[in-house]
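One structure below.
The values are calculated or read from the model by the stated rules, or taken from the named source; none is laboratory data. Worth saying up front: this structure is predicted, and the values here are computed from it rather than measured. Don't worry about glycine lacking a Cβ; one is built from the backbone with ideal geometry, like all the others, and counts go over all protein chains shown. Heavy atoms of the whole protein, side chains included, go into the accessibility calculation; ligands, DNA and RNA do not. Shrake-Rupley method; radii C 1.70, N 1.55, O 1.52, S 1.80 Å.
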Amino acid sequence: MEQIIQVAVLGIGLGGVFALMGAGLSLVFGVMRIVNLAHPSLIIGGAYLAYWGFRIYGIDPLIMLPVCALVLAATGVLFYKVFFERDAKSATYSEMTVLLTFAIAMIVEGALGAAFSNTQRVTSPSYATDAFFIGNVFIPKGQLYAGITSIVIIGLLAAFLKFSRLGYAIRATTQNREAAALLGVNVNMVGLMSFAIGIGLAGAAGALTSFVFSFFPAKHWEWVAVLMSLVVMGGMGSILGTVVAAFSLSIVAAFVGTWIGSTWSTMTFFLALFLVLLFRPQGLFGEKPELV
Amino acid sequence: MHAKLLTAVVTAAAVASPAIAQDALRIGASLPLTGNFSVSGEKHEQGYSLCVDLINESGGLLGRQVELLVSDNRSDNATAISQYERFINVNGVEAVFGTFSSRLTFPVASILSRNGFVHPVPAGGALRIYTQGYEGIYYLQPNAAEYVGSSLRDLIADRVDEAERPSSVAIVWADDFFANAVAAGLLGQQVMDPADGSLVADLAPGYLVESGLEIVMEERWPEEGFNDWLNLANSIKNSGAELIVGLTASAEEASQLTRALQTVRADPKMVYLSQGTQAEYFEGVGSASNGVLVHTSWHPNAPFEGVLGDAPFTNADFIAAFEEANGFAPDEDSAIPFAVCQTMAQAINATGTTDNQVLDEWLSARTLEDPVRTILGRFAWDETGLPIGKPFLMAQWQNDGELNFVYPLDEFPGTADLVHPKNGWE
């Protein structure tokens with residue numbers, strides 16, 4: 001029983017980190033229909049900011065988190081203006097953004113490599129390799145703090161979307177961009193803000209991942225498929241779905257890794273992606289597309 | 001875009017005038033400057049570049065300046081193959097330096113052999129690479145990866161009191177060409193030729209069994225995308241193993257595994273990793289590294305005396321030159337490619353030509369009495385291209401950041417005392 005609890009705890013801890021990593025991706029797709037393959041590379045950017053804040057000034061990555069979020073949000077505004085705004089009305093916008101964000105991911109990787117070298121980094125606050133022990137069950141402090149922070153941020157995001165005026169506009173645009181525009185919503189501004197928030201979440205996730213995983217510029221290729229599987233399983237554009245998928249798949253992967261083998265734990269995410277696309281392509285919380 | 005994402009051309013500093021550039025001796029190297037192997041790929045580029053710069057400063061090779069062409073293969077096999085073909089058929093290189101990792105070296109070896117090029121390999125230790133019958137392939141590390149485990153076996157036998165020796169082992173490894181090869185030797189597996197399924201080597205009973213160890217856990221993790229380190233470490237801890245063997249494919253994985261073992265408070269007597277000599281490993285794990293054993297091909301204190309150009313060039317010279325050029329200390333990922341470059345330079349100087357057939361004949365004729373001399377020591381090769389009579393060095397992290405060599409005992413003076421048993425992770 002202890003073993004089952006232990007594995008579940010580890011799965012939950014990993015799920016908390018993945019939830020925030022995937023939330024921004026989901027938001028950007030929901031509002032802008034941008035399949036942002038560059039999202040994980042921007043998470044790495046946030047991780048580097050947290051790393052250097054810790055390395056040079058000794059600032060805890062949890063304290064650096066707002067800085068990382070703001071810097072990446074500003075980067076998101078810049079990217080949106082330069083790369084995404086012009087073609088937002090194109091009928092093939094989503095398809096175009098797949099290629100565009102793939103290119104951006106490579107540019108970001110190259111820029112990070114030039115700025116910080118390709119050496120792997122990890123921030124090492126004392127809690128990153130420490131754990132609480134309850135009997136024989138341990139709760140890793142790093143994942144616990146990262147998971148709690150993720151949940152708080154996602155909760156704040158949910159409250160913002162539900163209760164703020166801009167949140168209303170974002171939700172309206174997510175549901176029907178044309179109808180929202182007809183009702184007076186400045187969909188371009190909503191797109192800009194959503195993109196900035198989404199990329200800001202990448203920055204926040206970067207601060208957390210900086211002490212949970214080691215990272216280097218090319219690391220994002222390992223994350224993109226995992227994050228895509230979370231977003232697709234949750235339902236493209238559903239932040240709640242992404243969170244549910246992150247926790248459930250991480251827990252399942254932890255059990256698979258323990259009782260079947262580590263080789264198969266990563267496969268869990270891709271198997272889930274395959275099954276969802278096969279049997280419920282709209283994902284757990286997505287809406288079934290209507291035939292026109 | 002960052003230059004390394006384009007086909008990068010790193011030109012030696014001394015190549016200044018068009019006249020010299022036209023007559024430059026071109027050498028090509030495809031390296032993983034981006035992608036999963038980028039950490040080591042970048043360091044390989046630094047090692048190659050430093051060597052070429054030093055050669056050019058001392059007058060070049062055969063009176064010609066050397067131009068190093070480096071392309072980023074993005075850690076991708078197909079790209080590495082096409083880049084070497086381009087070097088040979090388009091860029092007109094006269095020699096090549098090898099790439100990083102067994103996975104990339106395996107297909108590249110076929111291309112270079114087919115084109116009659118000497119293939120000096122900095123990192124590509126899987127035995128299967130050397131049993132394909134390729135001409136002109138020369139490995140610049142002590143031995144094939146399958147035989148790395150013999151150093152661990154011998155270290156336990158020679159340096160650990162019988163009463164203090166670990167009795168059980170958990171072996172975990174990346175599903176990677178190199179790590180699989182090391183695991184095969186430790187576990188005593190059969191190595192098969194991927195081309196025809198024939199037996200390359202039967203490594204039974206394996207170095208772990210030969211050390212009297214009971215294998216209580218065997219686990220492999222996927223080559224890419226693995227994040228569940230704490231779960232893996234927890235399983236290792238629960239196995240109760242007194243020796244943990246972690247065959248990581250990169251320093252990054254070594255760091256992740258060590259941090260996870262520290263977090264779950266695993267309590268082994270001994271930890272051996274296949275990667276982790278790099279400064280970044282210590283930066284990532286800090287004092288948890290104390291007592292961790294790593295095999296290595298190079299050590300800063302090793303008093304090896306090589307040759308560069310026609311002049312002696314010691315390991316200490318290399319460290320000084322590297323630090324002056326880069327502002328930080330080198331590790332083996334830069335030292336090994338430097339030795340590759342030294343090897344080719346000696347062959348070209350000795351034969352007075354860049355005819356690869358002649359270079360191959362000269363290199364294959366090296367003996368332990370008349371070897372190639374590098375900052376990794378002396379090299380002579382058997383008919384497969386594997387070095388003769390070179391043991392791996394076993395190093396151990398000690399005293400919060402010192403990487404001291406602890407085995408073998410008689411290779412050169414200065415072997416440090418072995419810290420055993422490992423005393424926790426703090």
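How many of the residues making up segment B:109-135 are more than 22 Å from B:Ala201 (Cβ to Cβ), open to solvent by less than 30 Å² (accessible area, probe 1.4 Å) and in contact (Cβ under 8 Å) with a residue 40 or more places away in the chain? Give the derivation first.
Taking segment B:109-135 as the starting set, the residues that turn out to be more than 22 Å from B:Ala201 (Cβ to Cβ) are B:111-112, B:114-118, B:120, B:122.
From what is left, the residues that are open to solvent by less than 30 Å² (accessible area, probe 1.4 Å) are B:111-112, B:117-118, B:120, B:122.
The next check asks that each one be in contact (Cβ under 8 Å) with a residue 40 or more places away in the chain; those that pass are B:117-118, B:120, B:122.
The total comes to 4.
Considering only segment A:158-176, state which residues are under 14 Å from A:Gly191 (Cα atoms) and among the polar types (S, T, N, Q).
The answer is A:Thr173, A:Thr174, A:Gln175, A:Asn176.
Restricting attention to segment A:131-142, which residues are more than 7 Å from chain B (Cβ to nearest Cβ) and within 24 Å of A:Lys219 (Cβ to Cβ)?
Step one: list which residues in segment A:131-142 are more than 7 Å from chain B (Cβ to nearest Cβ), which gives A:132-137, A:139, A:141-142.
A:Lys141, A:Gly142, listed by residue number.
Among the residues that make up segment B:228-242, is at least one of them closer than 29 Å to B:Ala329 by Cβ, surrounded by 20 or more Cβ atoms within 10 Å (Cβ to Cβ) and either touching a Lys or Arg at 6+ places or on another chain (Cβ under 9 Å) or modelled with pLDDT of 95 or more (or both)?
Within segment B:228-242, one or more residues are closer than 29 Å to B:Ala329 by Cβ, surrounded by 20 or more Cβ atoms within 10 Å (Cβ to Cβ) and either touching a Lys or Arg at 6+ places or on another chain (Cβ under 9 Å) or modelled with pLDDT of 95 or more (or both).
For segment B:198-275, list the helices (runs of 4 or more DSSP H) that sit wholly inside it and hold at least 3 residues that are away from every other protein chain (no Cβ under 11 Å); which are they?
Answer list for segment B:198-275: B:207-210.
Take the residues of segment A:239-260 that are polar (S, T, N, Q) and either open to solvent by 20 Å² or more (accessible area, probe 1.4 Å) or free of Cβ contacts under 8 Å to residues at least 40 places away in the same chain (or both): which is farthest from the other protein chains (Cβ to nearest Cβ)?
Result: A:Ser248.
Yes/no matrix, rows are residues, columns are (1) on the phi < 0 side of the Ramachandran plot; (2) not basic (Lys, Arg):
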| site | (1), (2) |
| --- | --- |
| B:Phe97 | yes, yes |
| B:Ser102 | yes, yes |
| B:Val108 | yes, yes |
| B:Arg114 | yes, no |
| B:Leu127 | yes, yes |
| B:Gly133 | no, yes |
| B:Tyr139 | yes, yes |
| B:Ala145 | yes, yes |
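Considering segment B:82-103 alone, what residues qualify as being open to solvent by 40 Å² or more (accessible area, probe 1.4 Å) and either touching a helix residue (DSSP H, G or I) at 6+ places or on another chain (Cβ under 6 Å) or not in a loop (DSSP other than H, G, I, E, B) (or both)?
Correct list: B:Ser82, B:Glu85, B:Arg86, B:Asn89, B:Arg103.
Could you list, in sequence order, all residues of segment B:194-219 that are among the hydrophobic types (A, V, I, L, M, F, W, C) and either loosely packed, with under 12 Cβ neighbours inside 10 Å or in the same structural domain as B:Pro107 (by TED's automatic domain parsing) (or both)?
B:Ala195, B:Leu199, B:Ala204, listed by residue number.
Which of the residues belonging to segment B:287-310 are farther than 20 Å from B:Ser151 by Cβ and not assigned by TED's automatic domain parsing to the domain that holds B:Leu155?
Of everything in segment B:287-310, those that are farther than 20 Å from B:Ser151 by Cβ and not assigned by TED's automatic domain parsing to the domain that holds B:Leu155 turn out to be B:Glu305, B:Gly306, B:Val307, B:Leu308, B:Gly309, B:Asp310.
Would it be correct to say that B:Ala157 is more than 13 Å from chain A (Cβ to nearest Cβ) and either in contact with a strand residue (DSSP E or B) (Cβ under 8 Å, 6 or more places away or on another chain) or assigned to a loop (DSSP other than H, G, I, E, B) (or both)? Spell out the reasoning first.
On the way: more than 13 Å from chain A (Cβ to nearest Cβ): yes; either in contact with a strand residue (DSSP E or B) (Cβ under 8 Å, 6 or more places away or on another chain) or assigned to a loop (DSSP other than H, G, I, E, B) (or both): no.
No, not satisfied.
I'd like to check something: does segment A:261-270 contain any residue that is under 26 Å from A:Met32 (Cα atoms), buried (at least 23 other Cβ atoms within 10 Å of the Cβ), aromatic (Phe, Trp, Tyr) and in contact (Cβ under 8 Å) with a residue 24 or more places away in the chain?
yes
List the number of the failed condition for B:Asp370; all other conditions in (1) over 20 Å from B:Leu155 (Cβ atoms); (2) modelled with pLDDT under 90 hold.
So the condition that B:Asp370 fails would be (2).
Check whether at least one residue in segment B:257-276 is open to solvent by 30 Å² or more (accessible area, probe 1.4 Å) and β-branched (Val, Ile, Thr), and report yes or no.
Among the residues of segment B:257-276, not one is open to solvent by 30 Å² or more (accessible area, probe 1.4 Å) and β-branched (Val, Ile, Thr), which makes the answer no.
What single numbered condition from (1) free of Cβ contacts under 8 Å to residues at least 40 places away in the same chain; (2) within 14 Å of chain A (Cβ to nearest Cβ); (3) outside any loop (DSSP other than H, G, I, E, B) fails to hold for B:Gly286?
(1)
Every residue in segment A:199-243 that is farther than 18 Å from A:Gly283 by Cα and outside any helix (DSSP H, G or I), please.
A:Phe213, A:Ser214, A:Phe215, A:Phe216
Can you pull out every residue in segment B:60-79 that is assigned to a loop (DSSP other than H, G, I, E, B) and open to solvent by 40 Å² or more (accessible area, probe 1.4 Å)?
B:Leu62, B:Gly63, B:Arg74, B:Asp76
Can you confirm whether B:Ser287 is buried (at least 21 other Cβ atoms within 10 Å of the Cβ) and either on the phi < 0 side of the Ramachandran plot or in contact with a Phe, Trp or Tyr (Cβ under 7 Å, 6 or more places away or on another chain) (or both)?
The answer is no for B:Ser287.
Taking only segment A:94-127 into account, find how many residues are under 21 Å from the mean Cα position of the chain (by Cα), at the interface with another protein chain (Cβ under 7 Å from one of its Cβ atoms) and of a type in the set (A, V, I, L, M, F, W, C).
Of the residues in that region, 4 qualify.
Please tell me if A:Ser229 is within 30 Å of A:Val67 (Cα to Cα) and either open to solvent by less than 10 Å² (accessible area, probe 1.4 Å) or away from chain B (no Cβ under 14 Å) (or both).
yes
If you take just the helices (runs of 4 or more DSSP H) that sit entirely in segment A:1-116, which of them hold at least 2 residues that are among the aliphatic types (A, V, I, L, M), open to solvent by 10 Å² or more (accessible area, probe 1.4 Å) and over 30 Å from A:Ala131 (Cα atoms)?
A:61-79, A:93-116
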